[in-house]
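The values are calculated or read from the model by the stated rules, or taken from the named source; none is laboratory data. All values reported here derive from a predicted model rather than from experimental measurement. Every residue, glycine among them, receives a Cβ derived from its backbone with ideal geometry; neighbour counts consider all protein chains shown.
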């Protein structure tokens, strides 16, 4: 009764003072906390490229690939853009959400860094990285969706009043962010592996300038990277596998060869992976999706019946195939055969070391044991869609997977096939031969040459574009291009030859307004299933519907 007779200040009594847990108030005060916020943005970017599923399948198609699982009796799912790329599709919404989640986090960092007590040097570096990420996603959104909202302030309350900024304005914001980022970031020679540098921002800025129609500026930004004294195309054998047959292009993709700290002068920005490190639990799943589903193959058995031509132990494949695929991405005939021309396999980018077009039958029970599956006529037509097609080994670790990725016998020794090759174990997830289990490029110098060549073509300087394209063709041991070859279609072919599956092909072609044309021309299996309006993604219907107090415009042609 006595306690009840005393009054108290309830607001003060109920006020929380966070002493042992993080809130939005005390989570952005130290360098370590800002670094953790940036690390989240690095991880989101890595997961978009590596955690491949429905969310990324369509971004690798266009003129480069079609689905190996959705073709019969007529194309469905990924292979039918008119029924798949619609405003209510969850994949369409997923990219939107990923981009705006990252932009929102970047906005918070940019806002909080201004009032923090950090040193000027720490503020500059943190702000520069956050600006890069914001620009990256605004550019991504503009490439894929066109005009979209452009929030640049920290969001502290729910909003339903967004309005569409025209595509040019979205690119303009990315340009502004990158121009400032270049003044804040460190030079690539003073930057750790995997961390954003001035040169990474300049590379992206060159692309943004092209989209803004500022070709002279694009050329200058790309040239600043290309002419940097520490940068250069890798034209000689290097790195961890020089004792094995290969070439300089093949070396670029071998384990531990991607970073500048290992001698790679071509690397600009490399997505990092560390086996069994919880901080990089996602690894690139390209082997799972782009490699054929060899386990489904059958050939004649000696004495009658059929048998798998490749010896399988625990649903595995030999180590020289680089992992276990499920045949989701089937490269187009245009990529596999047409674009290489007379060079054939003399072009390093199409050599047997990097694109494996045939394998020996290693099952002793098979009638063709020891012979070649394709060359000797053992591959049946019905298996060519999903179960066997050329294997893109740039994403494989063919010789040096961690020990626990190999099948072991009861005595602990490695299980091998009849040719003495270790058998690769299969377990779903990123700690498996499903995945590349190595670092992968986001930007490398070859891509900068291609951006500058594009700017030269659009700036009516085809002779200079020719020189840049031939720099890549020379490194690849390919026949030099001629001035009469140089146009945007030839450039897009060269981009495909050099960067296949390293970047999102759909995003590139939508940026250039060429998605519909190139899909129809180069990918006849699915070209008839693309609408005239589909040089842009649809805006997610859910975003338009919930934005009750604003106006987000749907792209033309989408209901």
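All conditions in (1) assigned to a helix (DSSP H, G or I); (2) in contact with a helix residue (DSSP H, G or I) (Cβ under 7 Å, 6 or more places away or on another chain) hold for residue 121, with the sole exception of (2).
Take segment 201-239 and flag every residue that is under 24 Å from residue 138 (Cβ atoms) and not in a helix (DSSP H, G or I). If the condition is that a residue be under 24 Å from residue 138 (Cβ atoms) and not in a helix (DSSP H, G or I), then 212, 213, 214 are the ones that fit. Just one of the listed residues (242, 183, 155, 176) is surrounded by fewer than 15 Cβ atoms within 10 Å (Cβ to Cβ) and part of a helix (DSSP H, G or I), namely 183. Looking at segment 186-200, is at least one residue in a loop (DSSP other than H, G, I, E, B), out of contact with any strand residue (DSSP E or B) (no Cβ under 9 Å at 6 or more places or on another chain), modelled with pLDDT of 95 or more and buried (at least 22 other Cβ atoms within 10 Å of the Cβ)? No. Against the definition (assigned to a loop (DSSP other than H, G, I, E, B) and touching a residue at least 12 places away in the same chain (Cβ under 8 Å)), how does residue 369 come out, yes or no? Yes, satisfied.
The set of residues in segment 510-538 being under 16 Å from residue 556 (Cα atoms) and without any contact (Cβ under 8 Å) to a residue 24 or more places away in the chain consists of 513, 516.
Restricting the search to segment 61-76, which residues are closer than 20 Å to residue 509 by Cα and either surrounded by fewer than 18 Cβ atoms within 10 Å (Cβ to Cβ) or not assigned by TED's automatic domain parsing to the domain that holds residue 528 (or both)? Hits for segment 61-76: nothing passes. Checking the structure you have, find out if any residue of segment 238-245 is within 14 Å of residue 450 (Cα to Cα) and touching a residue at least 40 places away in the same chain (Cβ under 8 Å). For segment 238-245, residues within 14 Å of residue 450 (Cα to Cα) and touching a residue at least 40 places away in the same chain (Cβ under 8 Å): absent. Out of all the residues in segment 513-528, which are in contact with a helix residue (DSSP H, G or I) (Cβ under 7 Å, 6 or more places away or on another chain), outside any helix (DSSP H, G or I) and surrounded by fewer than 20 Cβ atoms within 10 Å (Cβ to Cβ)? Across segment 513-528, the qualifying residue is only 514. Do you know which residues across segment 451-469 are surrounded by fewer than 21 Cβ atoms within 10 Å (Cβ to Cβ) and more than 16 Å from residue 217 (Cβ to Cβ)? 462, 463, 467 - these are the residues of segment 451-469 that are surrounded by fewer than 21 Cβ atoms within 10 Å (Cβ to Cβ) and more than 16 Å from residue 217 (Cβ to Cβ). Within segment 91-105, residues that are touching a residue at least 24 places away in the same chain (Cβ under 8 Å) sit with their Cβ atoms under 6 Å from residues that are crowded, with 19+ Cβ neighbours inside 10 Å and not in a helix (DSSP H, G or I), at 6+ positions apart or across chains, in these pairs: 92/537; 92/538; 92/540; 93/540; 96/540.
Screening residue 234 on (1) closer than 21 Å to residue 501 by Cα; (2) crowded, with 22+ Cβ neighbours inside 10 Å shows it passes everything except condition (2). Would you say residue 38 is in a loop (DSSP other than H, G, I, E, B) and either at pLDDT 85 or above or surrounded by fewer than 19 Cβ atoms within 10 Å (Cβ to Cβ) (or both)? It is false that residue 38 is in a loop (DSSP other than H, G, I, E, B) and either at pLDDT 85 or above or surrounded by fewer than 19 Cβ atoms within 10 Å (Cβ to Cβ) (or both).
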